Amino acid sequence: MTLLELENVAVAYGRIEALHGISLTVNEGEVVALIGANGAGKTTTMRAISGTRSLAAGKITFNGEDISKLRADLRVVRGLCQSPEGRQIFPGMTVMENLDMGAYTRRDSAGIAADLDRVLTLFPRLAERRKQAGGTLSGGEQQMLAVGRALMSRPKLLLLDEPSMGLAPLVIRQIFDIITEINQQGTTILLVEQNAQQALSRAHRGYVLETGRIVKEGSGQDLLHDPSVKEAYLGVA
Ligand code: ATP
């Protein structure tokens with residue numbers, strides 16, 4: 001079943017159009033990767049989906065509903081949750097307080113407690129540091145906290161913007177292991193990445209974005225082995 005569909009979505013910043021009518025789908029249960037170079041429009045695509053940027057044209061359907069004009073906070077209530085680029089955790093709050101904030105739209109205390117258990121099991125590092133201020137965590141730990149906080153909203157679709165940004169190779173692998181595990185536990189994931197190697201090797205399907213247009217799509221494995229993708233994004237001539 002199609003969970004998310006973008007049809008000819010265009011987004012502009014003032015008079016400059018950053019997305020020129022892109023179309024993509026995410027099916028329930030999938031991990032889908034959107035890859036592209038700096039400035040290709042990956043973050044803009046995420047903003048369009050999360051509702052922090054309005055559309056100049058096109059349509060976004062989520063779970064059968066046209067959400068093109070729906071407010072960002074109401075998209076979160078519908079089950080669309082973004083763990084943003086640059087992390088944006090609350091630096092003055094503890095790890096636990098940050099995780100609690102993720103569940104702010106929920107009222108089911110038993111479900112919240114179960115999800116907190118799940119997040120602390122997925123991220124033992126956060127469990128050890130539950131009383132530590134978010135702002136004093138390492139970069140990788142802050143990324144884990146951002147993902148953990150997003151999971152606390154129990155999303156139908158988790159949007160991850162550059163989960164590997166600024167992290168060491170070993171930590172990147174750990175973050176992607178957890179992304180795979182979260183997906184296997186039933187969460188659908190759309191992730192935007194410059195680290196095409198990791199993203200495509202973990203994704204069921206992928207899209208390649210170039211200067212505001214989707215230029216290629218395919219299974220993660222097909223894209224990994226595509227000569228032009230290899231040359232442009234995988235550093236292999
Ligand atoms: P990166 O990997 O470098 O983060 P990206 O693929 O996420 O890049 P976007 O951030 O979506 O790219 O940017 C797409 C285009 O839109 C770029 O040309 C960028 O300069 C422009 N852009 C992004 N945000 C704004 C803004 N707030 N105002 C004006 N132009 C913007």
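Values in this text are rule-based calculations from the coordinates and carry no lab data. Since the model is a prediction, treat every value here as computed from it, not as a measurement. Positions of Cβ are backbone-derived with ideal geometry, glycine not excepted, and every protein chain shown enters the neighbour counts.
Couple of notes before you dig in:
- Estimated FRET transfer efficiency when R0 is 22 angstrom, pair residue 73-residue 93 (beta carbons, to 0.05): 0.65
- Here's the list of lysines a cross-link from residue 59 could span, going by alpha-carbon distance under 22 Å and ignoring same-chain residues fewer than 8 apart: 42, 69, 156, 216.
- Efficiency of FRET from Cβ geometry, residue 106 and residue 210, R₀ 35 Å, rounded to 0.05: 0.35
- Mean separation of Cα contacts under 8 Å (6+ apart) over length of the chain, as relative contact order %: 27 percent
- Converting the Cα gyration tensor eigenvalues of region 139-211 into ellipsoid dimensions via √(5λ) gives semi-axes, longest first, of 18, 16, 12 Å.
- Helical contribution to [θ] at 222 nm, DSSP H n ≥ 4, -39,500 (n - 2.57), averaged over the chain, rounded to 500: -11000 deg cm²/dmol
- For region 191-205, Karplus couplings with θ = phi - 60° (6.51, -1.76, 1.60), whole Hz, Gly/Pro x: 10, 10, 8, 8, 7, 5, 4, 5, 4, 6, 6, 9, 8, 5, 9
- In terms of its C-alpha gyration tensor, region 96-237 has a prolate overall shape, because the principal axis ratio a/c (a ≥ b ≥ c, square roots of the eigenvalues) is not below 1.5 and a/b outweighs b/c.
- Taken along its principal axes, the alpha carbon cloud of region 7-145 reaches lengths of 46, 33, 26 Å, longest axis first.
- The Rg/Rh ratio for region 65-143 is 1.01, where Rg is the radius of gyration of the alpha carbons and Rh is the Kirkwood radius.
- Highest-MSF residue in the chain out of 157, 209, 167 [GNM, Cα springs under 10 Å]: 167
- Working from label points 7 Å from Cα in the Cα-to-Cβ sense, the residue 130 to residue 230 distance is 4.8 nm.
- Using alpha carbons only: equivalent-ellipsoid semi-axes of the chain, gyration tensor based, whole Å: 28, 21, 16
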